[in-house]
Amino acid sequence: MARATPLDDGIVVVGTASHPLRDAYHSLLRMRWAGVLATIALLFLTANAIFGFLFMLSGGIAGARPGSLRDAFFFSVQTIGTVGYGAMYPTSTTANLLVLAESIVGVILTALATGIVFARFSQTSAILVFTSKVCIGPMDGVPTLMLRVGNDRSSTIFEAMIRVVVVRTIKTKEGMTFYRMLDLPLVRERSLALSRSWTVMHTIDEKSPLFGMTPSSCELEEVEITASVVGTDDTSLQPVHARKRYETKDIVWGARPADVLSDLPNGLIQLDVRKFDEIVATQPTETFPYPRVA
């Protein structure tokens, strides 16, 4: 059945088919821990309720009161959990066959639950942070797009690589709306070791897709900027990735990220992550006359 699916980039996809069983594994990996544990508990209770009802109908359980769903449910719990206190046990062929079936189901549910929990524990979740705003200001007298990315964990991401693209809404000569995605060449797109802070820069020259753009033209073309980082965590040795999307309102003209590095009297360098998200205004220059837009 067709459905509408909202994506993280603000696009609503209509007409996709629903595949709940096929996508169950990915849904559990993306779900919060509370949701995963609740799902496992619900499956466990549902399986025991079904088998408990079947045990009640079939009878043949020594120690269980006839017609008691409560006793049949708790016998099912003891069976699927391989507890076996001895107070209740199967005496008929039907009951033994149900115990056999529930034992198989219990093994499968235990294996699935163990696999999901292990997969979530072993899954590396990077805490890569981006500045909330993208700045466009002069750098060495040249208009430059600047943003900052950092690793919020104590570990280091080595061989980190970042890509920045711009999406512009244009009208073709045929009158068709077209969303054009263009790469923004960076001053440095790789970092040997990404730790707390990395200032990413794109020089806006004649070859830049942003050359000649102004705040009003960015608003008119609904410009969006997306930054994507991939790398390898040095602790788990697993790949990590993160993405950040900036809309037109997130672009600040005539500004740059605040300095986070400073020299200490003892010769060391201090990194102040409290200024990670701060920006400072720049003075208009002849090559960059754009005013600052908050």
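Derivation of every value follows stated rules applied to the coordinates shown; laboratory data play no part. All figures in this text were calculated on a predicted structure; none of them were measured in a lab. We place every Cβ from the backbone using ideal geometry, glycine too, and count neighbours over all the protein chains shown.
Quick notes
- Neighbour counting of Cβ atoms within 10 Å sorts the residues Thr94, Thr199, fewest neighbours leading, into Thr94, Thr199.
- Computed from the alpha carbon positions, the gyration tensor of the chain leads to an equivalent ellipsoid with semi-axes of 59, 25, 14 Å, biggest first.
- Put in line by how crowded their Cβ is, counting other Cβ atoms within 10 Å and starting with the fewest, His241, His202, His26 read His26, His241, His202.
- Counting only Cβ charges, +1 for Lys and Arg and -1 for Asp and Glu, the dipole size of the chain around its Cα centre is about 700 debye.
- Here Tyr25, Tyr89 are placed in order of increasing Cβ neighbour count within 10 Å, fewest first, which gives Tyr25, Tyr89.
- Degrees between helix 69-80 axis and first principal axis of the chain (Cα, 0 to 90, nearest 10): 70
- Dividing the convex hull volume of the alpha-carbon atoms in region 128-281 by its residue count gives 126 Å³ per residue.
- Only lysines eight or more places from Lys207 in sequence, or on another chain, were considered; those with a Cα closer than 26 Å are Lys133, Lys171, Lys173, Lys244, Lys249.
- Alpha carbon centroid spacing (whole Å) that separates region 82-108 from region 182-254: 59
- DSSP assigns beta bridges within region 128-281; of those with both partners inside it, close to 95 percent run antiparallel.
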